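Have a look at this one before I ask anything.
The values are calculated or read from the model by the stated rules, or taken from the named source; none is laboratory data. Just so we're clear, the structure is a prediction, and the values are computed from it rather than from any experiment. Here Cβ is always computed from backbone atoms with ideal geometry, including for glycine, and neighbour counts include all displayed protein chains.
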Amino acid sequence: MYSATDEQVKQFEQEHEYLKTKIDLGEEIVWLTRDQCVEMGPDVEGTLDVVRTAMISHGKKEYEMPAKIGIHPFDDVFFHAMPAYVPSSLACGEKWIECFPRNPKEYNLPQTTGLQVMNDIMTGVPIAVMDCTWLTAMRTPAVTALAAGALHPEAKTFGMFGCGVQGVEHVRFIVKTLPKLEKIYVYDIYPEMMDKLCDAVKDDVSVPIVKAGSPEEVVKSCECLSSATIITRDPMSVAKHEWVSKGQTILPCDLNTFWEPSISLEADKYFVDSIDEHELFNGMGYFPDGLPSIVGETGEILAGIKDGRTSADELIVCSNIGISVNDIAMGQVILKNALEAGVGTKMPL
Ligand SMILES: NC(=O)c1ccc[n+]([C@@H]2O[C@H](COP(=O)([O-])OP(=O)(O)OC[C@H]3O[C@@H](n4cnc5c(N)ncnc54)[C@H](O)[C@@H]3O)[C@@H](O)[C@H]2O)c1
């Protein structure tokens, strides 16, 4: 548990007074649709700032965030409850997110859906309920991009596996933190998803994008790589250890699924966004070959508490499974902008 400083408590009180001018606390909440979240949310640069601040707070242990708990009606799906208290962002709340990889094909629905509740820190009362798919689509690539910028700032090549929601945003974000990029490789099992990605980012990304013919081509061509495909309890091991070389930086968003587990087990350094989260997933059987030995957390690198890369030939894996300090910090910015602009529907509690 984190105890707020006197200065922080003063800020919470001010925030409470501000909220009282915008909403009848305890009597009503603000409902924000997905479109309103997009309209009121920060842009790519703004998201990087919000997430950097939240990650640094995480690195300094100035937060409260129990590892996510979940329910699993089917083997291949999960719901996660993700609460967080982030004093530096004056934010607390909880994200309730679903991941159903079967959805796009079988139901014509997105793989990832969810809602987020934001609360007043001083009184606990709920202030807002908002869609959380967009903020998830933004904060996840922000973490990858910030970690890539810290671990491999000189990278000239970036590879992205999975060209869905996350893949598109990863390509949009990565160009902001890897300024020397000359080429981006993308790969998806469905070639039309690669086309869609290229189309989606064409106005924002001037770095040439190669639609790769195989995972091997991507792994062998890129210094820095990420994957956002699906998460399964048993590793799919699509990316093979024999294709990987020293000096690469691998930043999976899909836990231990896409990359052959021996890559992480034998990496020179294995960082994670949250040790608690990775230990929890290990307990649930997502690391059947064992959880690699963790040298530190992504937030600790960003806060300057732990060294990231210390030699050019280190193979580094940095696994970011998603932490709610970022969701709640993003939600706070969206909510604040919406309250200022008078956007959202007030509803009685
Ligand atoms: N770490 C985090 O914080 C975080 C946050 C959100 C989502 N995720 C994870 O990221 C993944 C993608 O989420 P999304 O919302 O982008 O889903 P999505 O369905 O929009 O995209 C996934 C894409 O991966 C492709 N794919 C599946 N298997 C593949 C393979 N073997 N090789 C190449 N491509 C493959 C699919 O064809 C699809 O285009 C999911 O596993 C999700 O759980 C992680």
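Would you please name the residue that is nearest to the chain's Cα centre (by Cα), looking only at residues in the stretch 163-186 that are within 13 Å of residue 144 (Cβ to Cβ) and among the charged types (D, E, K, R)?
Only one residue tops the list, namely 169.
Here's a follow-up. So, in the stretch 220-246, of the ones that are part of a loop (DSSP other than H, G, I, E, B) and acidic (Asp, Glu), which residue ends up farthest from residue 103 (Cα to Cα)?
223
Sticking with this structure for a sec: Can you tell me which residue within the stretch 126-141, out of those that are part of a helix (DSSP H, G or I) and not polar (S, T, N, Q), is surrounded by the most Cβ atoms within 10 Å (Cβ to Cβ)?
That would be 141.
If you go through the stretch 277-289, how many residues are in contact (Cβ under 8 Å) with a residue 24 or more places away in the chain and surrounded by fewer than 14 Cβ atoms within 10 Å (Cβ to Cβ)?
Within the stretch 277-289, residues that are in contact (Cβ under 8 Å) with a residue 24 or more places away in the chain and surrounded by fewer than 14 Cβ atoms within 10 Å (Cβ to Cβ) number 4.
Which one of these does residue 15 not meet: (1) charged (D, E, K, R); (2) in contact (Cβ under 8 Å) with a residue 12 or more places away in the chain; (3) closer than 15 Å to residue 114 by Cα?
So the condition that residue 15 fails would be (3).
Considering each of 317, 343, 333 in turn, give the residue that is aliphatic (A, V, I, L, M), outside any helix (DSSP H, G or I) and in the same structural domain as residue 77 (by TED's automatic domain parsing). Show your work before the answer.
Details: 317 fails: in the same structural domain as residue 77 (by TED's automatic domain parsing); 333 fails: outside any helix (DSSP H, G or I).
Residue meeting the stated conditions: 343.
Does the stretch 281-289 contain at least one residue that is touching a strand residue (DSSP E or B) at 6+ places or on another chain (Cβ under 6 Å) and closer than 22 Å to residue 78 by Cβ?
no
Out of the residues in the stretch 231-282 that are among the charged types (D, E, K, R) and in contact with an Asp or Glu (Cβ under 7 Å, 6 or more places away or on another chain), which is nearest to residue 83 (Cα to Cα)?
Our first condition is that a residue be among the charged types (D, E, K, R); within the stretch 231-282, this holds for 233-234, 240, 242, 246, 254, 260, 266, 268-269, 273, 276-277, 279.
Still in the list and also in contact with an Asp or Glu (Cβ under 7 Å, 6 or more places away or on another chain): 240, 246, 268-269, 273.
Details: 240: 35, 246: 37, 268: 32, 269: 29, 273: 16 Å.
Here the answer is 273.
Follow-up question, since we're still on this one. For residue 144, work out the one condition from (1) over 30 Å from residue 349 (Cβ atoms); (2) outside any helix (DSSP H, G or I); (3) within 16 Å of the ligand (Cβ to nearest atom) it doesn't fulfil.
Every listed condition holds for residue 144 apart from (2).
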